[in-house]
Amino acid sequence: MSTTAPTALGAPRAPGAARPAQRKRRPGRTLLRSAPLLPAVVLLGVFLLGPVISSLYGSLTDSSLSGASAANAEFVGFENYASLFADPDFPKSVLLTLVFLVASALIGQNCLGLGLAVLMQSSHKPVRVIVSTIVVTAWVLPEIVASFAAYAFFNDGGTLNTMLTGLGIPGVNWLYVFPMLCVILANIWRGTAFSMLVYTAALNDVPPEITEAAEVDGARGWQRFILVTVPMIRRSISTNLMLTTLQTLSVFALIFVMTGGGPGTDSTTLPLLAYQEAFRFGELGFGTAIATILLLVGAIFGVLYIRALKPEVD
Amino acid sequence: MKQRHLGVAAIAAASVLLFSGCSAGGDGGDANTIKVAYQKFGQFTQMDDHMKKVKDEFEASHEGMTVELVPIEAQEADYFAKLALMNRSAATAPDVMYEDTFMVKTDVEAGYLAPLDDYIADWEDWDQFPENARQAGAGDDGKIYGIPMGTDTRAIWYNKNLLADAGIETPWVPETWDDILDAAETIKASSPDTIPFNIYSGKGQSEGASMQGFQMLLSGTDDVLFDSDEQKWVLGSQGFEDSLGFIEDIYQGGLGPTPQQALDKNIGTTINSEWIPGGELAMSLDGSWASGTWIETGSSPWPEWSDVMEVAPMPTQDGSDPGRTSMSGGWTLAMGSGSKNPDAAWDFISTALSKDNSLSYDVAASQVAVRTDVAEDPEYTDANPTFGFFSELVADTHFRPANSDYSKVSAEITVAMESVMTGQQTPEEAAATYDQAVIGIVGEENTMAASD
């Protein structure tokens, strides 16, 4: 029996039998076809994998800005990680990072962005233009400018307290008393536009017939949204969660400008802790170990999103 | 398929966010150009003026040579980090750098600095530098790596009028820490809008807080940070806890700026250019250079300063001998170990520190002169009414531990200060955290328990 001939109806193909010939490709041709990808692969290797590997290696050394270990950094194995886990600042910093991430990105930016996108779908055009301009403005500002704007708003003699005093309410020193709340609000303000744009695009792709059909079937507004719209934009939700997570994990300038990680260590998230160890205390190896942990946190969230919101195969 | 794309995107994005700081250095310059790195920040512009002047002088006498000035606009701790990063790459390493004395030993160990002994041997001006000044720029190997530009001492600057308004007799000479706290209480009671006392504290002020704040206190107790006979770090001392207690009294007792003001990185500039001239701050524990801001050539000229401001030495904790204390440091000019033209770099250093140039810099930056010929020059002694006072303090001054781990330990002191001033920890808890941190830095074998 020829392996290439179609098998007779009802007769199962022998296990291990080769696939039809037309699916076979000569290896030489495949290689040739991949050749244009080569420069990209090399660039990725040099500029992406290279730094990752050198940072992993750096976190295993006692490299520092000055002193004997600046001249000859020694390989110390997992010593940096051991002392990191023994450092009382570390768990607090991880916790603050997670609080910042969950409150400002996952809940704040995502929900607010989705909410705005949904509301704007059913609103009139002038409203839509005005709202989206306002929201996008915060996003368009360079990070450092947005950070100073947020600082000017929250600081003791800032806009917020001036307004409160005008209303006869005594202001508090927001950045000092509620540092995390301030940076979370600032990050929501700054990042919501991104989620809003992603969700607006996703909602526009939902065919109106489907929601109309659900309406005919008797689904009420929120039911239509939860049961029909959300599953249909699932892939966008997953992508957006991932991107906002990674953006938020890397937020540095905003917190650095607004609170400097303080008071004390009350708003020292992992990027600030890494900066402080590496450039304030000169412990490059130790700082790199923190950065590596940050990388891991990002990777863990990435995997979680893919698992939880498994996008359908196309 | 989609899944894998997302995974790759995640790794890509995560890596980019972590490593976006990498950049390539340019070409390493040539032997006809020397690169000079120094700090220029806030009110400290005198170094910039000085370097521009020396550049002109140097280029006039060295035909074909160019001096590339690299003013690093950064606050103190960031200056050290930026300078160290410049030094790590041959392409950016400076030929001449402005180097704090406390960084000399650790930067020598890092291999950033070149020994100057061969040049000094032929330099007649070296006789003008007294022995203790020479040691300021010495490495652990005994060679000289930095030439001091001036030194400094620290004391309490106070506003005569504000103290008089509160009913405190001037000239005011506190004899114990309690005298300072009492005066601060009195000022607070009589004029609640005035900030009674400032002592630099917290991570934002880095070495300024550790040395100008904390060690000004600790040096007035019976304890030390580092036992130089045993070459060990002293842990668990009463003096350490008491010094943190003083910080707590000031900040948690409402006798200083608010902790948020104090943690502002720019508070040093604010104090000397706004609060003091504006009569908002009554007492300020600060360096001899503070008046450099107010003199005619300073960044915030304030002609009345010498009528309003007075200085008092910092007392010891309970008035014990010698009754007063101070801390000294100072900055040097040092040569980069990678210099392609060390002879020219040396010429630049010796030009910058010649008698005339030292004199004009010491006057402009309100430095305590280290060159004997400058210190005795009437042009120097008459330039500023406080020079005599601060020079005399040298007799009772203290120096920071001469140990290459100092800069790391010093950073831990600022952590302890900040957690006490913000009320996160009691002085006792903060001292215990500090002890653990020091053991982590130097190893248990290099520490010892305090004798009391």
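Things worth noting here:
- Sorted by Cβ neighbour density within 10 Å, fewest at the top, the residues A:Phe301, B:Phe389: B:Phe389, A:Phe301
- Rounded if a/c under 1.5, otherwise prolate or oblate - the stretch A:88-309, Cα gyration tensor axes: oblate
- The residue list B:Tyr79, B:Gly268, B:Ile295 was ranked by how far each Cα lies along the charge dipole of chain B toward its positive end, using unit charges on Cβ atoms, and B:Tyr79 comes out on top.
- Take every pair of alpha-carbon atoms less than 8 Å apart whose residues are at least six positions apart; their mean separation over the length of chain B yields a relative contact order of 26 percent.
- Shielding value for A:293-304 is 3, the average number of Cβ atoms from other chains within 10 Å of each residue's Cβ.
- For the stretch B:204-231 versus the stretch B:104-119, the spacing of their alpha-carbon centroids is 25 Å.
- Shape class for chain B: oblate, because the ratio a/c of the largest to smallest gyration tensor axis (alpha-carbon atoms, square roots of eigenvalues) is 1.5 or more and b/c is at least a/b.
- The chymotrypsin sites (Phe, Trp or Tyr not before Pro) found in the stretch A:77-138 that occupy coil by DSSP, while having at most 12 further C-beta atoms within 10 Å, are A:Phe78.
- Alpha-carbon centroids, the stretch B:261-318 and the stretch A:159-228: separation in whole Å: 48 Å
- Helices of chain A meeting both criteria, an alpha-carbon length of 24 angstrom or more along the long axis and an average Kyte-Doolittle score not below -1.0, with helices taken as full DSSP H segments, are A:179-204, A:284-308.
- Inter-chain neighbour count for A:256-269: the average number of beta-carbon atoms from partner chains within 10 Å of each residue's beta-carbon is 4.
- The residue list A:Leu241, A:Val172, A:Ser132 was ranked by how far each Cα lies along the charge dipole of the stretch A:88-309 toward its positive end, using unit charges on Cβ atoms, and A:Ser132 comes out on top.
- Only Lys, Arg, Asp and Glu carry charge here, each on its Cβ (+1 for the first two, -1 for the last two); on that basis the protein assembly as shown has a dipole of about 7820 debye about its Cα centre.
- Taking B:Tyr251, B:Tyr200 and counting other C-beta atoms within 10 Å, the order from fewest to most: B:Tyr251, B:Tyr200
- Cα centroid separation - the stretch A:272-287 against the stretch B:335-393, whole Å: 34 Å
- Ranked by how many other Cβ atoms sit within 10 Å of their own Cβ, fewest first, the residues B:Phe390, A:Phe148 fall in the order A:Phe148, B:Phe390.
- Projecting the Cα atoms of B:Ser410, B:Ser339, B:Ala395 onto the dipole axis of the stretch B:309-418, where Lys and Arg carry +1 and Asp and Glu carry -1 at the beta carbon, places B:Ser339 farthest toward the positive end.
- Relative contact order [Cα under 8 Å, 6+ residues apart], the stretch A:88-309, whole percent: 29 percent
- Dipole in debye (nearest 20) - chain A, about Cα centre, beta carbon charges: Lys, Arg +1; Asp, Glu -1: 1740 debye
- Shielding by other protein chains, A:281-287, mean Cβ within 10 Å: 4
- Under 17 Å of direct C-alpha separation, and excluding same-chain neighbours fewer than eight residues apart, B:Lys105 reaches these lysines: B:Lys143, B:Lys232, B:Lys408.
None of the figures in this text is laboratory data; all of them are computed from the coordinates on show. Bear in mind the structure is a predicted one, so any value in this text is a computation, not a measurement. Cβ: placed from backbone, ideal geometry, glycine included. Neighbour counts: every protein chain shown.
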